[in-house]
Amino acid sequence: MMRRSLICLTLCGLLLPTLIASAIANPPQTAEQIRQMLFNAQVALMSGDTQAALQAVDESHQLYADTLDDPLDTRTQESLAAAFEQARDAAQSGNAAAFAAARSRVWSNLLNGSSQIVLDAVVRGDAATAAQWLPLRDFRISTRFSRPGADATLAVQALAAGQMTPEDARTAVQADLFDTYQAQLNAALIDAGEAAAKGFATRRSEEAGLAAGYFGILAGAYDEQRGETARTEAQAAFTMLVEAAVSDDAATFEQARADIAALLTGFRAAPLSEKELTRRAGQLMRFIALVPVEYARGVRNGAVISDLEIQEALTFHEGGTAAFLDLQNVLLERDAEAAQRIAVLLPQVLTQIRAVVEPAELQATVDEIHQLLTNIIPAEWQTGGGASDIDVIVSVLDQVETAVAQEDYTRAESARLEAYALLELGVEQRLRGFMPDKAAHIESLFWQGTGEQAGLAVLLAERASLPDVRSSVTDLKAAFDEARLMLGSGQTAPAAVAGNAAVIVFREGLEAVLILASLLASMRTAEQRRYRRPLLAGAALAFIATIASWWLATNLLNVLLPLGETLEAIVSLIAIGVLLLITNWFFHKVYWVGWMANFHSRKQRLIGGVVAISIGQTAGLVILGFTSIYREGFETVLFLQSLVLEAGVGVVLQGVLLGLLGTAVVGVITFALQVRLPYKKMLVVTGVMIGGVLLTMVGHTVHVMQSIGWLPITPIQGLYLPYWMGTWFGLFATWQGIILQIAATTFVIGSYFLAEYQTKRQRSRPHAAVESHAAL
């Protein structure tokens with residue numbers, strides 16, 4: 001018997017390191033085991049088994065100490081040690097409410113520690129560690145108005161693949177985690193209040209503990225926005241909330257909830273991007289506008305005649321309220337009085353629905369909200385045709401399924417027509433302009449259907465079964481999801497961006513090589529060769545200055561990024577101006593004749609007839625070399641910024657390196673091997689290539705300007721261009737885009753023929769003068 005026990009102990013000793021290593025390799029699973037152990041302890045405690053509860057607490061504490069303790073930061077370690085001690089004391093005293101609060105504290109501290117490890121790992125570029133710990137997190141509950149975020153996971157994957165910088169990845173991960181935990185914080189506060197109202201003491205303590213823990217994760221962001229004093233006050237309020245919940249002090253509990261609500265008003269740990277702000281604003285205005293519409297259909301003479309319509313009114317109110325909470329801090333900054341009034345009116349709408357007031361009374365309240373929103377929300381956020389329109393359409397499509405489930409096909413058809421009307425009035429114009437094939441597909445699904453799927457109109461007319469209708473609605477939602485993704489991206493293909501960057505860098509580099517070669521060509525004698533060094537030094541300084549200009553430009557763009565697509569439109573217009581300058585053949589006639597003559601004139605003044613080189617001469621030659629090359633570099637920097645906004649620095653740098661490689665090859669052939677290349681033909685070929693880049697840039701810029709409402713969208717009826725032609729060549733089936741691309745082409749070709757005409761005219765003048773003189 002003793003021998004068998006020794007064997008078992010030996011095996012356990014051999015296996016224990018493996019088990020611990022496995023637990024460390026899977027922090028989410030280990031944390032979930034700890035959470036389950038503490039839940040089992042809670043159950044045992046509530047059933048009166050104190051010994052089992054203590055054993056479960058000790059086992060969970062030991063598992064934590066053996067596996068997760070070491071990687072965590074010191075502050076989290078101390079907080080977890082206190083939480084486990086609090087849990088043991090509560091289990092020993094049989095205090096279920098205190099134990100529930102301690103259990104929540106353990107879990108939220110594990111989440112906090114995991115978040116810190118992930119963020120630190122991302123900053124270091126350690127994607128493996130970030131991916132290992134990231135699943136130890138909570139997720140935002142998915143509803144029809146919000147989807148569980150995957151931004152953090154995608155960012156870590158992009159970091160691992162080298163497609164995202166550590167700084168950008170950290171921003172994305174932190175925004176996702178903070179957004180989730182703020183949503184969880186709000187949900188915990190609501191659940192704690194509901195538990196208190198129902199007299200569920202243990203649940204109240206658990207939710208209060210979770211709320212305090214979630215705020216602990218967000219406390220740093222709160223401190224940055226509100227200051228240390230406000231953070232300390234908020235933490236004290238959460239401590240009071242937990243203590244009041246555990247001690248069953250109802251008055252103090254409600255006071256703490258009120259204090260917390262006031263302290264959190266307008267706080268958002270992860271500020272929304274410009275695109276998300278626009279989307280939430282669209283959701284808010286559209287959902288609120290639909291509330292009285294649905295309500296009026298469900299009420300008559302002070303009585304509810306359709307529960308379905310009332311439920312839909314409540315659903316749209318829920319969506320509008322959720323959107324308002326996301327925007328509240330921004331709206332408070334713009335107009336605090338109006339935002340506070342909206343915060344009062346939204347609950348009033350809910351009260352009116354439940355009281356079954358007259359539709360006109362509810363409409364008046366919503367009209368006031370709508371007027372306040374129109375005044376307070378920026379005009380660019382109110383532009384329709386985006387993701388918010390799709391959100392509303394998908395929400396209305398849910399009504400079709402609900403009505404069919406109740407065998408109310410008349411109301412299902414009404415909901416279908418309402419969704420289709422929202423499509424026509426909103427996003428359809430953009431779909432027809434940018435993705436006509438997708439627009440035609442969606443319209444087919446609404447009406448007669450496709451070869452694979454019967455249309456929704458046909459199914460409802462035939463009173464099809466719920467599974468068939470659900471399949472059709474699912475296909476429509478999938479099509480809208482694809483449309484949302486395409487409209488949200490609107491970017492040029494990364495390979496096309498890299499190619500465009502390579503072309504422009506090679507073209508400008510080629511011009512720089514020719515300028516430098518022209519200036520050095522006349523410095524062939526032994527005396528003149530000494531002038532080459534300061535000239536080359538100036539060219540080298542120009543290259544360094546170009547890099548510095550790139551750094552300044554990209555940092556300036558980072559500061560202006562909150563402008564979103566507006567910034568992209570402005571920078572793209574500047575880039576088009578640069579491209580027009582480069583492709584303007586008439587300008588290049590002036591450039592190569594006048595500008596180059598100016599360079600040579602300056603050079604001759606500096607070196608002509610001088611035996612000994614002076615400091616002034618050296619400085620002059622350095623400046624000549626600098627100014628002759630930096631102009632090309634500055635043009636390149638201006639153009640590349642629009643590409644950075646499209647595809648990011650990494651993609652653009654790939655093209656830049658390719659262009660520099662081509663320039664280096666030409667430079668070696670020209671200067672080191674002394675081989676004369678067909679420069680004129682090279683300039684012509686690269687000029688044609690840049691003309692293609694110009695067309696792509698014009699098409700993409702028109703697309704962006706249409707997206708932000710600076711240009712209208714007029715689809716070309718009957719013209720269907722595949723989406724890839726837009727991402728690769730900027731070709732979209734809208735009159736505005738096609739006309740402006742034709743105009744750009746006409747300008748470039750016209751400038752060439754104008755230059756040729758003026759050249760021939762200038763050549764004919766001396767000949768005409770000779771003939772006139774002979775006649776005399």
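The values are calculated or read from the model by the stated rules, or taken from the named source; none is laboratory data. All of these numbers come straight from a predicted model, not from anything done at the bench. Glycine also receives a Cβ, built like all others from the backbone with ideal geometry; neighbour counts cover every protein chain displayed. These area figures cover heavy atoms from the full protein model, side chains too; ligands, DNA and RNA do not enter into them. Shrake-Rupley method; radii C 1.70, N 1.55, O 1.52, S 1.80 Å.
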Q: Give the ranking of Asp307, Asp138 by solvent-accessible surface, highest area first, calculated with a 1.4 Å probe.
A: Asp307, Asp138
Q.
Taking every alpha carbon pair in segment 179-234, what does the distance histogram look like in 5 angstrom bins from 0, in percent?
A. 4, 22, 24, 19, 15, 10, 5, 1
Q.
Using a 1.4 angstrom probe on the protein heavy atoms only, could you order Met705, Met697, Met164, Met689 from most to least accessible area?
A. Met689, Met164, Met705, Met697
Q | segment 27-97 - Debye-derived log10 I(q)/I(0), Cα point model, q = 0.25 Å⁻¹ | A | -1.09
Q.
Along its three principal axes, how long is segment 207-251 when you only count alpha carbons? Whole Å, largest extent first please.
A. 33, 17, 9
Q | Residues of segment 170-202 with amide N under 11 Å of the 7 Å Cα→Cβ point at Asp248 | A | 200-202
Q) How large is Rg/Rh for segment 274-489, to two decimals, with Cα atoms and a Kirkwood Rh? A) 0.99
Q: For a quick protection proxy, order the peptides 152-161, 171-180, 358-367 by their average other-Cβ count within 10 Å, most packed first.
A: 171-180, 152-161, 358-367
Q. When the convex hull of the C-alpha atoms of segment 272-330 is computed, what volume per residue in Å³ does it have?
A. 66 Å³
(Q) Whole angstrom only: what separates the Cα centroid of segment 190-249 from the Cα centroid of segment 282-356? (A) 28 Å
Q. How would you rank 731-740, 246-255, highest first, on the average number of other Cβ atoms within 10 Å across their residues?
A. 731-740, 246-255
Q. What order do you get for 338-347, 56-65, 447-456 when each peptide is scored by the mean count of other beta carbon atoms within 10 Å, highest first?
A. 56-65, 338-347, 447-456
Q: Taking the Cα centre of segment 274-489 as origin, work out the dipole magnitude from +1 charges on Lys and Arg Cβ and -1 charges on Asp and Glu Cβ, in debye rounded to 20.
A: 140 debye
Q) Ranked from the most accessible area to the least, with a 1.4 Å probe and all protein chains present, what is the order of Val668, Val505, Val622? A) Val668, Val622, Val505
